[in-house]
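Visitor: One structure follows; several queries about it will come next.
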Amino acid sequence: MPVYNLSALMNDSRLLRHHLLKVTVGGLILAAAAAFLFDQKLAVLFGTPWAHQFWRPLAREVTNIGLSEHYFIIAIGSWIICAFIAPRIEGIKKYSAKIDYFRRWGLNLLLALLVSGAITHVIKFCVGRQRPHKSPVGDPFVFDHFTTHWHWHSFSSGHSQVMFTAAVLFTLAFPKWKWAWLTIAVLACATRIMIQDHFLSDAIFGACVGYMGSLLALKWMRKGKNAIV
């Protein structure tokens, strides 16, 4: 997950800014390399009848784990249960610290989803990149800037952003499973390419946005009493 210790990033605004800049530049470089080297090849590959027959049905099911509503429900549900329901249950006072942690965690996840999601939608609107399935040859360099049409919102991937936002927050809550969260996030990103909703470069930068938006949200949460890191 993060290159730096998260506590160190949260405690040092200058270090956090430098880290976010590095992630942004690095993500753009990787996305540009993917756009020129792999995007069209993968779009054509997964557009073949063979791919549609053997890969698309499974990928279409798996990709749904990246729908943002799942994680909004988890975030809001965690906050409501831990803030209003659990404290009223007799016999669980010994777990009060953990309950309060997951109350704060739910709020942090909610803000992370909102921040990274807002960044993603602004990028989609401004870039206006055509989705791979709309081009007969999978051309990754077709754009219609400042449009609200879904067919022109390929860059960056919203599902990838959601999955990496979730991966960051779930890693904080369950650090022993960090590689599982990362693996699930990467697999979900891959399905976006397999079903031709996104190019590889879309998924790469979408993952970066999810990570960066999560760090911004965690930093902002430290201004109140709801910090978790």
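The values are calculated or read from the model by the stated rules, or taken from the named source; none is laboratory data. Bear in mind that the values here come from a model prediction, so they are computed numbers and not experimental data. Methodologically, a virtual Cβ is constructed for each residue, glycine included, from the backbone with ideal geometry; neighbour enumeration extends over all protein chains shown.
Visitor: Please enumerate the residues belonging to the range 82-117 that are among the aliphatic types (A, V, I, L, M), loosely packed, with under 12 Cβ neighbours inside 10 Å and either part of a helix (DSSP H, G or I) or touching a residue at least 24 places away in the same chain (Cβ under 8 Å) (or both).
Guide: Within the range 82-117, Ile85, Ala97 qualify.
Visitor: Out of the range 147-180, which residues are closer than 28 Å to Leu37 by Cβ, without any contact (Cβ under 8 Å) to a residue 24 or more places away in the chain and of a type in the set (Phe, Trp, Tyr)?
Guide: Trp150, Trp179 - these are the residues of the range 147-180 that are closer than 28 Å to Leu37 by Cβ, without any contact (Cβ under 8 Å) to a residue 24 or more places away in the chain and of a type in the set (Phe, Trp, Tyr).
Visitor: Check Ile81, Ile65 and return the single one that is over 30 Å from Pro140 (Cβ atoms) and among the aliphatic types (A, V, I, L, M).
Guide: Residue meeting the stated conditions: Ile81.
Visitor: Now for a different question. Whether any residue in the range 62-70 is surrounded by 12 or more Cβ atoms within 10 Å (Cβ to Cβ), within 21 Å of the chain's Cα centre (by Cα), in contact (Cβ under 8 Å) with a residue 40 or more places away in the chain and part of a loop (DSSP other than H, G, I, E, B) is what I want to check.
Guide: Within the range 62-70, one or more residues are surrounded by 12 or more Cβ atoms within 10 Å (Cβ to Cβ), within 21 Å of the chain's Cα centre (by Cα), in contact (Cβ under 8 Å) with a residue 40 or more places away in the chain and part of a loop (DSSP other than H, G, I, E, B).
Visitor: A further question on this structure: Among the candidates Trp181, Trp220, which residue alone is at pLDDT 95 or above and buried (at least 17 other Cβ atoms within 10 Å of the Cβ)?
Guide: Exactly one of Trp181, Trp220 is at pLDDT 95 or above and buried (at least 17 other Cβ atoms within 10 Å of the Cβ), namely Trp181.
Visitor: Another question about this same structure. Under 8 Å by Cβ, and 6 or more places apart or on different chains, what pairs join a residue from the range 21-49 that is free of Cβ contacts under 8 Å to residues at least 12 places away in the same chain and surrounded by 13 or more Cβ atoms within 10 Å (Cβ to Cβ) with one that is assigned to a helix (DSSP H, G or I) and not polar (S, T, N, Q)?
Guide: Between residues of the range 21-49 that are free of Cβ contacts under 8 Å to residues at least 12 places away in the same chain and surrounded by 13 or more Cβ atoms within 10 Å (Cβ to Cβ) and residues that are assigned to a helix (DSSP H, G or I) and not polar (S, T, N, Q), the close pairs are Leu45/Ala51.
This table checks each residue for (1) within 16 Å of Leu67 (Cβ to Cβ); (2) in contact with an Asp or Glu (Cβ under 9 Å, 6 or more places away or on another chain); (3) at pLDDT below 95; (4) small (Gly, Ala, Ser).
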position: Ser96; (1), (2), (3), (4): no, no, yes, yes
position: His145; (1), (2), (3), (4): no, no, no, no
position: Ser154; (1), (2), (3), (4): no, yes, no, yes
position: Met163; (1), (2), (3), (4): yes, no, no, no
position: Ile195; (1), (2), (3), (4): yes, no, no, no
position: Leu200; (1), (2), (3), (4): no, yes, no, no
